[in-house]
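The values are calculated or read from the model by the stated rules, or taken from the named source; none is laboratory data. Bear in mind the structure is a predicted one, so any value in this text is a computation, not a measurement. Here Cβ is always computed from backbone atoms with ideal geometry, including for glycine, and neighbour counts include all displayed protein chains.
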């Protein structure tokens, strides 16, 4: 609830000042690309890009989750959305956002079950209580698919308890669950917090395992992505702006991989400014340096048909060809 309230506190002034920023730079309001992003791994290259490429007319629209992001695209408050590929596929398949188009995939490692160091994988968690948030969200769907790939029935072989994300973390720290489903860098943030309290937690189960494909290396899966709308793509000037954004976002991801400490400082400041919370720089640096968080930009069309198969495995149905932005 706090984050939902924060959405209205943050986005309203952003939507008001965005055109003013554009006017000061001598650009028309329509030149500003409004990028909607929830507090997930996709935000990191965005924050780096905005910090380093101030000449780009980009407005960050921070949102708490997928429902608000979908509403922003439908209502014309956003031009681009950064979210999990599975989330976009689910929206498209349901007909909730028929105009949605997948442009590129940028995040390849990010999802883990955080647990005691004695846990070394899903086999050690059979029958255990696993804490998670947002049932039916992309992390939950990936976790369930990873369990099935490992030969388990998610509902029969584990006790899955869904709670608000803050409560998930509190309960794991209090020993009221054996593991917690978290994306990076929030997983590393919890490990850092546990350490300050004299506890040791690790990314005990790698949820990227078991999804081998020819289009990507073992241990990677097409997680975070850039989405837009067909309406934007039909406008040559707006499409050109998206192409510039995509190139800069990819370069920012490369920078993050090569400069984790500098990236972490940028993200800590930007997260506080846009989401009003704390995300320690150390957590961001740890996530990247450990290899638990991987950025690499690739056009979505280059990943087919393996991407179609992956999304079918995660959301139950592969999107049709209309889901993919044409080159």
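Any residue at all in segment 92-100 that's surrounded by fewer than 17 Cβ atoms within 10 Å (Cβ to Cβ), in contact with a strand residue (DSSP E or B) (Cβ under 9 Å, 6 or more places away or on another chain) and without any contact (Cβ under 8 Å) to a residue 12 or more places away in the chain?
no
Touching a residue at least 24 places away in the same chain (Cβ under 8 Å) and under 18 Å from the mean Cα position of the chain (by Cα): which single residue out of 323, 295 fits that description?
Residue meeting the stated conditions: 295.
Kindly establish whether residue 209 is modelled with pLDDT under 95, within 19 Å of the chain's Cα centre (by Cα) and more than 30 Å from residue 75 (Cβ to Cβ).
Answer is yes for this residue.
Select from segment 269-283 the residues that are within 17 Å of the chain's Cα centre (by Cα) and more than 20 Å from residue 63 (Cβ to Cβ) and list them in ascending order.
283, the sole residue that qualifies.
I'd like to know if segment 30-38 contains one or more residues that are more than 14 Å from the chain's Cα centre (by Cα), more than 26 Å from residue 248 (Cβ to Cβ) and in a loop (DSSP other than H, G, I, E, B).
There is no residue in segment 30-38 that is more than 14 Å from the chain's Cα centre (by Cα), more than 26 Å from residue 248 (Cβ to Cβ) and in a loop (DSSP other than H, G, I, E, B).
If I ask for residues that are closer than 24 Å to residue 319 by Cβ and part of a helix (DSSP H, G or I), which ones from segment 275-305 would you list?
Passing the criteria: 300, 301, 302, 303.
Would you check which residues across segment 252-268 are part of a helix (DSSP H, G or I) and without any contact (Cβ under 8 Å) to a residue 60 or more places away in the chain and list them?
Within segment 252-268, 254, 257, 258, 260, 261, 262, 264, 265, 268 qualify.
Within segment 61-89, can you find the residues that are under 16 Å from residue 274 (Cβ atoms) and surrounded by fewer than 22 Cβ atoms within 10 Å (Cβ to Cβ)?
64, 65, 68, 72, 77
Please go through (1) outside the structural domain of residue 293 (by TED's automatic domain parsing); (2) in a strand (DSSP E or B) for residue 60 and return the number of the only condition it doesn't satisfy.
Condition not satisfied by residue 60: (1).
Here is a check on your reading of the model: is residue 135 within 20 Å of the chain's Cα centre (by Cα) and over 23 Å from residue 287 (Cβ atoms)?
Against the criterion (within 20 Å of the chain's Cα centre (by Cα) and over 23 Å from residue 287 (Cβ atoms)), residue 135 qualifies.
Considering only segment 180-201, I want to know if a residue exists there that is under 24 Å from residue 312 (Cα atoms), more than 18 Å from the chain's Cα centre (by Cα) and not assigned by TED's automatic domain parsing to the domain that holds residue 94.
No.
Residue 127 passes all but one of (1) exposed (fewer than 13 other Cβ atoms within 10 Å of the Cβ); (2) assigned by TED's automatic domain parsing to the domain that holds residue 275; (3) in contact with a strand residue (DSSP E or B) (Cβ under 9 Å, 6 or more places away or on another chain); which number fails?
(2)
Looking at segment 122-135, can you tell me whether even one residue there is in contact with a helix residue (DSSP H, G or I) (Cβ under 6 Å, 6 or more places away or on another chain) and under 17 Å from residue 313 (Cα atoms)?
no
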